[in-house]
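Have a look at the structure below, then the notes.
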Amino acid sequence: MKTGLVLEGGGMRGLFTSGFLDVLMGAGIHFDGMIGVSAGATFGCNFKSHQAGRALRYNLRFIGDSRYMGWRTLLRTGDLVAAEFSYHTMPTQLDVFDAQTFEAEPMEFHVVCTDVDTGEPVYKQLSHVDYDCMEWIRASASMPIVSRPVELEGKRLLDGGIADSIPLRHFQQLGYTRNMVVLTQPKGFLKKRTRLMPILRVMCRKQPAIVSAMARRHEMYNAQLAYLQEQEQLGNILLIHPADTLPIGRTEQNAKKMHLVYDMGRAEAERRLQEIRNFLA
């Protein structure tokens, strides 16, 4: 039996996931594999490198820094989250990502991206930390409109959540039969059709597959939620979600809210720690 960890995205809502995973890290909880989408990948990779607190730390450190993230960054670079600084300079010089531990940790790490030209999901296992590894993580979190496509292995890639927001089925197909799924929306949440479709159609007119995928994303996401409920009833998954709507926007840079969301994740992990141990035993 292979145990898996499935992490959805959500931008800064991912700090809930970071807090949750940091408690698991301290408790010595292990999985055979992990798959992350968008923020689930950018923050989740620190679970494999055993760096508790890192995601919160660098986000607090670079609040308001136009080298990192913001509308000034978007106007200057074409990316809301600066590509070179955020995914290469910062993790190698300013808040160093522990590549050695990441590579030594036997847990598999997978990310999900979306193919710009087909609108289909692209899955990639990352085991060696180099420039391309960080580019795959960047691609998984590159939101349409505010990000340029990332070119890797002959493909143009954007945010994995466009095509596969909660990749449980994919992980099950890889042989992970007992999975814990961490969501960043509360129980009972249903996604609505995005109100940005008119803007998407204009801004992404040269990416018709992305426009089409975004138009039906709410249907895909809600179908995945239904599948999660089915799998939970069968006992195949342990479903984790915030107790309430997380009080932070996808790209919000507010230190108080960041701490609050991170602490909500820690509290949920501490509350369910024995349940998690029992599920994985």
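For LYS155, LYS206, LYS48, give the ranking by accessible area with the largest first, probe 1.4 Å.
Ranked list, largest accessible area first: LYS206, LYS155, LYS48.
Taking all protein chains in place and a 1.4 Å probe, what share, in percent, of the accessible surface of the chain do carbon and sulfur account for?
Answer for the chain: carbon and sulfur cover 51 percent of the accessible area.
List the residues, sorted by chain then number, that are 5 or more residues from ARG178 or on another chain and whose placed amide H is less than 5 Å from its amide H.
Those qualifying (amide H under 5 Å, at least 5 residues apart or on another chain) are LYS2, GLY4.
In Å², and per residue, what accessible area does the chain have when probed at 1.4 Å with the other protein chains present?
44 Å²
Once the whole set of protein chains is in place, how much accessible area is left on HIS128, using a 1.4 Å probe, in Å² to the nearest 10?
Answer for HIS128: close to 110 Å² accessible.
Could you put LEU228, LEU196 in order of accessible surface area, largest first, with the 1.4 Å probe and the full protein assembly present? Spell out each step's value before the answer.
Numbers: LEU228 5, LEU196 90 Å².
Heavy-atom accessible area, descending, gives LEU196, LEU228.
Karplus couplings for region 133-139 from phi (6.51 cos²θ - 1.76 cosθ + 1.60, θ = phi - 60°), rounded to Hz, Gly and Pro as x?
Using θ = phi - 60°, the values come out as 4, 5, 5, 5, 5, 4, 4 Hz.
Hey, got the Cα dimensions of the chain along the principal axes, in Å, largest first?
Largest first, the chain extends 49, 40, 36 Å along its Cα principal axes.
Bin all alpha-carbon pair distances of region 198-281 at 10 Å intervals from 0 and give each bin's fraction as a whole percent.
14, 25, 31, 23, 6, 0
Once the cut-off is 21 Å, how many percent of the Cα-Cα pairs in region 59-183 end up in the long-distance tail?
Details: 3588 of 7750 pairs.
For region 59-183, the share of Cα pairs beyond 21 Å comes to 46 percent.
Bin width 5 Å, alpha-carbon pairs only: give the P(r) of region 211-253 as whole percents, running from 0 to the bin holding the largest distance.
5, 17, 14, 18, 23, 15, 7, 1
Set the Förster distance to 30 Å, then compute FRET efficiency between GLU151 and GLU219 from the Cβ-Cβ distance, nearest 0.05.
0.55
The values are calculated or read from the model by the stated rules, or taken from the named source; none is laboratory data. Bear in mind that the values here come from a model prediction, so they are computed numbers and not experimental data. Note that we place each Cβ from the backbone using ideal geometry, even for glycine, and neighbour counts take in every protein chain shown. Remember, those area values only see protein heavy atoms, side chains included, never the ligands or the DNA or RNA. Shrake-Rupley method; radii C 1.70, N 1.55, O 1.52, S 1.80 Å.
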